[in-house]
1. Exactly one of (1) in contact with a Phe, Trp or Tyr (Cβ under 8 Å, 6 or more places away or on another chain); (2) closer than 22 Å to ILE48 by Cα is unmet by THR230. Its number?
2. Of the residues GLY36, GLY30, only one is at positive phi, modelled with pLDDT under 90 and touching a Phe, Trp or Tyr at 6+ places or on another chain (Cβ under 9 Å); which?
3. So which of TYR186, TYR156 is more than 21 Å from ALA61 (Cα to Cα), part of a helix (DSSP H, G or I) and either aromatic (Phe, Trp, Tyr) or at pLDDT 95 or above (or both)?
4. Looking at ILE102, is it aliphatic (A, V, I, L, M), at pLDDT 90 or above and surrounded by fewer than 24 Cβ atoms within 10 Å (Cβ to Cβ)?
5. Determine which member of the set THR55, THR82 is modelled with pLDDT of 95 or more, in a helix (DSSP H, G or I) and not basic (Lys, Arg).
6. Out of VAL105, VAL135, VAL111, I need the residue that is closer than 25 Å to ALA22 by Cα and under 21 Å from the mean Cα position of the chain (by Cα). Which one?
7. Name the residue that is nearest to ALA31 (Cα to Cα), counting only residues in the range 102-153 that are assigned to a helix (DSSP H, G or I), touching a Gly at 6+ places or on another chain (Cβ under 6 Å) and small (Gly, Ala, Ser).
Amino acid sequence: MEPVILLIVGYVVIGGLLACFAAHLLPVGGAPAAMGTATGIATGTVQIMLGAAMTGLFTAASVDTFTDSLLLVTLSGAVGATVMICVVMFMANIIYGFGAGIVPVSGRVDVDPITKEPQAPYKTPQCDGHGVPIVVFVSGSLGGFIGGFGGALMYYTLLNYANFSAGTAAIGAISIFVANAILAAYNIRGTIEGFHDPKFKRLPYALVASFAVSLLCGIVVSLTAILGGTL
């Protein structure tokens, strides 16, 4: 029983850390993005992470019905979350470009780190960028993949190692995911473009808090499994 408990706690901690890390990669724009005055998606950290987590869990749960492979289940969750984030970012650019008439441009760097294209000449005065430029799109895609992988890992752990029911495992995984997203939101404090954003340097502080919260969640999951008779 003890090795299983250690496995549960370890995978929950890893999944929580991945969720927190992924949140700092996503293009969180909030209200400024809704007005086209900042880059990213017009939603908060928790909302966009919850959307990615739920999509990843849907694909992970579907794949788990016909395979016991941890790798396949976690990768399916990662792909599902990535597709969701990519579609959202693409549609945001469609709306910004054809609805508001503004081009995707970063407000945090003068030159796109990936394409090396200048950003400053295309930025609207008094705005912190707008849309989802290339570097933000790449960062968001990575965030979706990593976050989906972490969420699927926690789902698989609760379902197959803690022996929760599928519904309980999904609720538990999403709950731990949201807890880490909230920590990331407090650390980000508003908007963030991705790995090139100066706010990304705050990541170590969030990871320390995420480790503590995820460890507590892993212990609670293990106690629940033991007291509930699933272990």
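The values are calculated or read from the model by the stated rules, or taken from the named source; none is laboratory data. All values derive from a computational prediction rather than experimental measurement. FYI the Cβ positions are ideal-geometry reconstructions off the backbone, even for glycines, and counts take in every protein chain you see.
1. For THR230, the exception is condition (2).
2. Values: GLY30 fails: touching a Phe, Trp or Tyr at 6+ places or on another chain (Cβ under 9 Å).
Sole residue among the options that is at positive phi, modelled with pLDDT under 90 and touching a Phe, Trp or Tyr at 6+ places or on another chain (Cβ under 9 Å): GLY36.
3. Details: TYR156 fails: more than 21 Å from ALA61 (Cα to Cα).
When all the criteria are applied, what remains is TYR186.
4. On the way: aliphatic (A, V, I, L, M): yes; at pLDDT 90 or above: no; surrounded by fewer than 24 Cβ atoms within 10 Å (Cβ to Cβ): yes.
No, not satisfied.
5. Values: THR55 fails: modelled with pLDDT of 95 or more.
The match here is THR82.
6. Values: VAL105 fails: under 21 Å from the mean Cα position of the chain (by Cα); VAL111 fails: under 21 Å from the mean Cα position of the chain (by Cα).
Testing whether each residue is closer than 25 Å to ALA22 by Cα and under 21 Å from the mean Cα position of the chain (by Cα) leaves just VAL135.
7. SER139
Here's the yes/no breakdown for (1) crowded, with 20+ Cβ neighbours inside 10 Å; (2) assigned to a loop (DSSP other than H, G, I, E, B); (3) not β-branched (Val, Ile, Thr):
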| site | (1), (2), (3) |
| --- | --- |
| ILE5 | no, no, no |
| GLY10 | no, no, yes |
| PHE21 | yes, no, yes |
| MET49 | yes, no, yes |
